[in-house]
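Asks: What follows is a single structure, and I will ask about it in a moment.
The values are calculated or read from the model by the stated rules, or taken from the named source; none is laboratory data. Computed from a prediction, not measured in an experiment: that's the story for all the values here. Cβ placement follows ideal geometry from the backbone for every residue including glycine, while neighbour counts extend to all protein chains displayed. These accessible areas exclude ligands, DNA and RNA; they are computed on the full protein's heavy atoms, side chains included. Shrake-Rupley method; radii C 1.70, N 1.55, O 1.52, S 1.80 Å.
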Amino acid sequence: MSDFSFNQTTPPQNAHSEPHDTNQFSSQFFGTPSFDISFLDIASIPESIINLKLIEKHRVLPVSIRDNKVVIAVPSADSDSALEEFQFNLGLHAEPIIADGEALELVINHLMEEDLDQLEITDEDQERLAHIDTVEEKKEDDASGADDAPIVVFLNKIMTEAIRKGASDLHFEPYEDHYRIRFRIDGMLHTVNSPPVSLSARLAARIKVMSRLDLAERRLPQDGRIKLKVGKKNMIDFRVSTLPTLHGEKVVMRILDSSAAKLNVDILGFSEAQKALYLENLNRPQGMILVTGPTGSGKTVSLYTGLNILNTEERNISTAEDPVEINLPGINQVQIHPKAGLSFASALRAFLRQDPDIVMVGEIRDLETAEIAVKAAQTGHLVLSTLHTNSAAETLTRMLNMGVPAYNIASSVNLIMAQRLCRKLCPKCRVPEHIPHEELLKEGFSPAQLSTRPTIYKPVGCDSCTDGYRGRIGLYEMLPMSKAIADLIMGGGSSLELEAQAAHEGMVNLRHSGLEKVLAGVTSLAEVNRVTNQK
């Protein structure tokens, strides 16, 4: 994080007088701090706040993060739309500073030149592709004599577009009479391209070359990885999986972009009470915090936000993950490798011999891992991990079914957090939706919540969003280990009994967490119904 001095005084003498006079007048007139941007070091700008698309669109420049606010250099005080869009995309309050327009343009142009908006395919990849013997493929695809260079360019553009649109996955799917490429954006799949089905084999071959997979093997699934450079600053990993299907190899690429992860507890979607409960348990010296939910529900970001808070020089933090998706300097991250004998359990055992303070286990999948994690939590370590269950209460019964003794669960678990991700409404195009009062009561809203006649919104769709939604936010339910909950576990209570007791103690479940965000105008009722499996 960079520290800048924003002021309303006369800039340095070597600056051009006329533009800066205008700059200072605007600053004093509107009461907004001024800043001589010609002294800005571009390398000092945090990468997490650089959004080239928005910078190019509005011609403004985020320069630093200060007190949970993003500071944005603007050419005039009349830049509300730019500030709102940055605030929406970054999840931080936007604070303007006035900069000279010409100097600001020079800095923005320099930044654009540095951050090339293309993926750079290495010469080694090009050379390997040139030596691929694809004569048989070309005969099968009725594309004899075609050159593979267009395939390289096409894939390059597809991968670039996926990154620009914020996709999490790319799906390349061959069928009998057509070929489909889809992006998963905000948790939903969208078709983005349908190239000729004759290119199926060569598209798969090119991806396999880039991910160092066996080109000759088309009968078995394969897993690989691609590391590509975006511009001069950012490396992005693609996790690649191939699957033989009836009409060719389906390929799925998952984008693992550490720089895109916003590890800010204030933008996860917690209510104030939930945030306080999470932070309280993160600051405990020992015990276990479990995050639960299906694949793609944001568990990794929630855990890493916690680790980012805990990541200080005084603490020894180790993680075992499959795969390592977010790189955090200062944390010892281990990539699980089952074929080589490096499992979650073996990594966890090794951690406990290395004087740890905090341990994160990517997932508790079996009794062995669960027992070691419980032992660590009982012997002075803070343990963070995940399970795949549908609710917080079901996590406790899942551990019992694994074979973990009830007294170990009651004495080691501090907090269970179940979560889902729901899409956020685009603030530019959302419109009010009229839903009868009786229907809202049936949906689960309380009379007290409806007494103020809140406005409920629905999606429309515009150039700035996808189907009326842009970005996602978390829905959470948090179950702290109380004496009553511990007694129920020891007595063999069911998940329904545990959930009823937690609700009695004030737990807000996933459904009601979603309804609160509907009342706040963050999302739509239809989206909450989709995520919480209602209707």
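Asks: Can you compute log10 of I(q)/I(0) for the range 335-484 with the Debye formula, treating each Cα as one identical point scatterer, at q = 0.15, 0.16 Å⁻¹?
Replies: -0.87, -0.92
Asks: With every protein chain in place, what's the accessible area of VAL63 (1.4 Å probe, Å², nearest 10)?
Replies: About 0 Å², rounded to the nearest 10.
Asks: Going by amide H atoms built from the backbone, whose H comes under 5 Å of the H on MET360, apart from near neighbours?
Replies: SER318, THR319, ALA320, LEU384
Asks: On to the next question. For a quick check: with amide H placed at 1.01 Å from N, whose amide H comes under 5 Å from LEU256's, ignoring anything fewer than 5 positions away on the same chain?
Replies: Close amide H contacts, sequence-distant or interchain: ASP237, PHE238, ARG239.
Asks: Follow-up. In the structure displayed, which of LYS275/LYS483; LYS227/LYS517; LYS69/LYS299; LYS208/LYS424 lie more than 27 Å apart, Cα to Cα?
Replies: LYS227/LYS517; LYS208/LYS424
Asks: Going by average Cβ neighbours within 10 Å, how do the peptides 189-200, 78-89 rank, with the highest at the top?
Replies: Numbers: 189-200: 15.2, 78-89: 16.8.
The densest-packed peptide leads the list: 78-89, 189-200.
Asks: Output ³J(HN,Hα) for the range 178-187: one whole-Hz value per residue in order, computed from phi by the Karplus curve 6.51 cos²θ - 1.76 cosθ + 1.60 with θ = phi - 60°, and x for Gly and Pro.
Replies: 3J(HN,Hα) across the range 178-187, in whole Hz: 7, 10, 10, 10, 10, 10, 9, 10, 6, x.
Asks: Rank by packing, highest mean first: peptides 304-317, 507-520, with packing defined as the count of other Cβ atoms within 10 Å averaged across residues. Let's see the in-between values first.
Replies: Details: 304-317: 16.2, 507-520: 20.7.
Answer by packing, highest mean first, reads 507-520, 304-317.
Asks: Okay, moving on. Contour minus end-to-end for ARG66 and ASN283, with contour as 0.36 nm per residue of separation and end-to-end as the Cα-Cα distance?
Replies: 75.7 nm
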